[in-house]
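Some notes on the structure that comes next.
The values are calculated or read from the model by the stated rules, or taken from the named source; none is laboratory data. Because the structure is a prediction, the values reported are computed rather than measured. Glycine gets a Cβ as well: all are built from the backbone with ideal geometry, and neighbour counts include every protein chain shown. The protein model used for the area step is the full one, side chains on, heavy atoms only, and it has no ligands, DNA or RNA in it. Shrake-Rupley method; radii C 1.70, N 1.55, O 1.52, S 1.80 Å.
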Amino acid sequence: MYNRTNNKELLFKTDENRLYFLKQYAKYLQPFLDTFCWCLLPNHFHFLVRIKTTEEINNYLNGLPIETLKPVEKKYLNDNTITELLLEFEWKRFLTSYSMAYNKQHERKGNLFNRPFKRLEINKENHFTQAIVYIHANAMRHKLCKDFITYQWSSWQSMLSNHPTQLCRKEVLEWFGGLQHFKDAHKKMSEYYYSDDVAIEEER
């Protein structure tokens with residue numbers, strides 16, 4: 001899933017904004033999604049996710065105080081709405097919560113994000129691999145750094161760390177065949193897709 005701002009204006013003006021964005025993502029969406037990787041850019045973001053199972057979502061919602069449940073969440077528990085509509089609602093809550101805080105802090109008015117948010121289904125194994133590398137190397141693609149491993153605002157460092165994470169780190173590393181293969185694949189694919197020579201050829 002991804003989205004960008006209206007008129008390509010900045011989505012983040014401070015690191016505090018970025019940290020709050022990730023905090024709100026964890027609050028509103030982590031209970032419903034398995035997150036494989038992410039990247040925050042100046043005017044847009046990327047998340048590679050998988051919707052949790054119906055059982056997991058039901059267990060989460062049933063564990064909340066009933067008075068805090070929103071109507072669409074109650075409908076979901078009563079089998080009166082589908083998962084897709086529930087997720088659309090939760091994504092809107094997430095984006096709205098960030099937009100309201102951002103607008104207040106920076107004395108801004110109006111919609112911050114393009115509507116609706118964008119989704120791209122990945123249903124082939126090679127696309128999954130490419131999507132992970134693409135997202136991690138996106139800062140390099142946008143000329144924000146010479147090497148994506150130095151970019152702070154992606155899940156790359158969390159993938160290399162042993163610290164606790166809400167990412168599906170073990171699953172991703174196993175997908176690539178281990179940590180070293182994960183690193184090697186990123187290096188090889190990012191050098192090919194984002195080298196200056198390839199960029200020049202693409203411009204032609």
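Here are the numbers:
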read-out: Positions within segment 152-165 being more than 13 Å from Phe47 (Cα to Cα) and touching a residue at least 24 places away in the same chain (Cβ under 8 Å), in sequence order; value: Met159
read-out: Qualifying residue in segment 42-62 (condition: of a type in the set (Asp, Glu) and farther than 24 Å from Cys168 by Cα); value: no
read-out: Failed item, numbered, when Asn103 is tested on (1) open to solvent by less than 80 Å² (accessible area, probe 1.4 Å); (2) more than 30 Å from Phe182 (Cα to Cα); (3) part of a loop (DSSP other than H, G, I, E, B); (4) at pLDDT 95 or above; value: (3)
read-out: Residues (open to solvent by 40 Å² or more (accessible area, probe 1.4 Å) and within 23 Å of Leu19 (Cβ to Cβ)) located in segment 78-100; value: Lys92, Arg93, Thr96, Met100
read-out: In segment 144-165, residue nearest to Arg18 (Cα to Cα) [restricted to those that are open to solvent by 70 Å² or more (accessible area, probe 1.4 Å) and not hydrophobic (A, V, I, L, M, F, W, C)]; value: Gln152
read-out: Residue in segment 121-128 that is open to solvent by 40 Å² or more (accessible area, probe 1.4 Å) and either aromatic (Phe, Trp, Tyr) or more than 23 Å from Phe32 (Cα to Cα) (or both) present; value: yes
read-out: Close pairs from segment 29-52: first among the polar types (S, T, N, Q), partner assigned to a loop (DSSP other than H, G, I, E, B) and crowded, with 18+ Cβ neighbours inside 10 Å, Cβ under 6 Å, at least 6 apart; value: Asn43/Leu11
read-out: Any hit, segment 126-143, residues being touching a helix residue (DSSP H, G or I) at 6+ places or on another chain (Cβ under 9 Å), hydroxyl-bearing (Ser, Thr, Tyr) and farther than 28 Å from Leu19 by Cβ; value: yes
read-out: Hits in segment 166-195 (condition: open to solvent by less than 100 Å² (accessible area, probe 1.4 Å), closer than 26 Å to Pro31 by Cα and either in contact (Cβ under 8 Å) with a residue 40 or more places away in the chain or among the hydroxyl-bearing types (Ser, Thr, Tyr) (or both)); value: Leu167, Cys168, Glu171, Val172, Phe176
read-out: So Asp197, is it modelled with pLDDT under 95 and part of a helix (DSSP H, G or I); value: yes
read-out: Members of segment 3-27 that are of a type in the set (Ser, Thr, Tyr), surrounded by 17 or more Cβ atoms within 10 Å (Cβ to Cβ) and either in contact with a Cys (Cβ under 9 Å, 6 or more places away or on another chain) or modelled with pLDDT of 95 or more (or both); value: Tyr20, Tyr25
